[in-house]
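Each remark here refers to the structure printed beneath this line.
The values are calculated or read from the model by the stated rules, or taken from the named source; none is laboratory data. The structure presented is a predicted model; accordingly, all values stated were derived computationally and were not measured. When we count neighbours, we look across all protein chains shown, and the Cβ atoms used for this are built from the backbone with ideal geometry, even at glycine.
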Amino acid sequence: MKIPLAAALLLAATSAALGFDSRTQGIIDDYKSGKLIRIADVAHLMASSERWCYVEEEGTCSWSDIYLDVDKSGAEFEIGNAWDQDIDIAFTDRGEFRDGRYICETGLDWVPAVRATKRSDGSAIGGRELAQLKSEIAGLQSDESKDCFDYLFVSADAENQTLKLTQRQYIDDIHDTARDTEVTIHFDEAAAKALSYRW
């Protein structure tokens, strides 16, 4: 059956809108579920996505990453999560790529960059209240070793423009299986913005 040209063009455009860019699709095609992802491919997913949502449940995240800048050496990103039942926080951190496999913490002091909003209405928290919150956060910081992370491919959903990966955490180069975490990568801007944090 022949499809009229206009309809064919519309179908192609719709398919492209629902799918992934060619590099991301190539990454999907290269990996089976459970396979370790090269950090160069992880870097592309960071740069091309809108938001990484950890332990997603019904549109909420335990925490999330938004990647701001990605280069060959590492990535700068904004981490956000619920601090308590009333406050969400976000801050900027940086990780460095290692051994073609890992992204590792750098020990950057991110506390001065902390921003906070009220969960009830999204209004910004500032002044003494923010200073007190930063002091509280700083008091919980430790001099633990700089952890590293790698990623296993899980699945792709072209219709919803999401990928699922397993993030694995290494403490002193030892894989802590109890900290394996599912992350949903969102490529659709509207869906990413609609996510919230779970307390």
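Some points to look at:
- Qualifying positions in region 41-58 - among the acidic types (D, E) and over 18 Å from T181 (Cα atoms): D41, E50
- Test set (1) within 16 Å of the chain's Cα centre (by Cα); (2) surrounded by 16 or more Cβ atoms within 10 Å (Cβ to Cβ); (3) closer than 28 Å to D173 by Cα; (4) not small (G, A, S) - D69 fails condition number: (2)
- Hey, I79 over 18 Å from the mean Cα position of the chain (by Cα), at pLDDT 95 or above, over 21 Å from H175 (Cα atoms) and not acidic (D, E) or not: no
- Number of residues in region 92-139 that are hydroxyl-bearing (S, T, Y), within 23 Å of the chain's Cα centre (by Cα) and over 30 Å from D41 (Cα atoms) equals 1.
- In the set E136, E159, only one residue is more than 24 Å from E76 (Cβ to Cβ) and either polar (S, T, N, Q) or in contact with a helix residue (DSSP H, G or I) (Cβ under 6 Å, 6 or more places away or on another chain) (or both); that residue is E159.
- Count of region 140-180 residues which are exposed (fewer than 15 other Cβ atoms within 10 Å of the Cβ), in contact (Cβ under 8 Å) with a residue 40 or more places away in the chain and under 16 Å from the mean Cα position of the chain (by Cα): 1
So that you can scan it fast, the table gives a plain yes or no per residue for (1) of a type in the set (A, V, I, L, M, F, W, C); (2) under 24 Å from S135 (Cβ atoms):
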site	(1), (2)
S62	no, no
I89	yes, yes
E96	no, no
A116	yes, yes
R119	no, yes
S123	no, yes
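- Checking each residue in region 100-117 for being in a helix (DSSP H, G or I) and of a type outside the set (A, V, I, L, M, F, W, C) picks out only P112.
- Test: residue in region 141-150 that is in a loop (DSSP other than H, G, I, E, B), among the aromatic types (F, W, Y) and out of contact with any Lys or Arg (no Cβ under 6 Å at 6 or more places or on another chain): no
- Summed over region 21-44, the residues that are at negative phi and in a loop (DSSP other than H, G, I, E, B) give a count of 7.
- Only listed residue being modelled with pLDDT under 95 and over 19 Å from K35 (Cβ atoms), chosen from K146, K118, K134: K146
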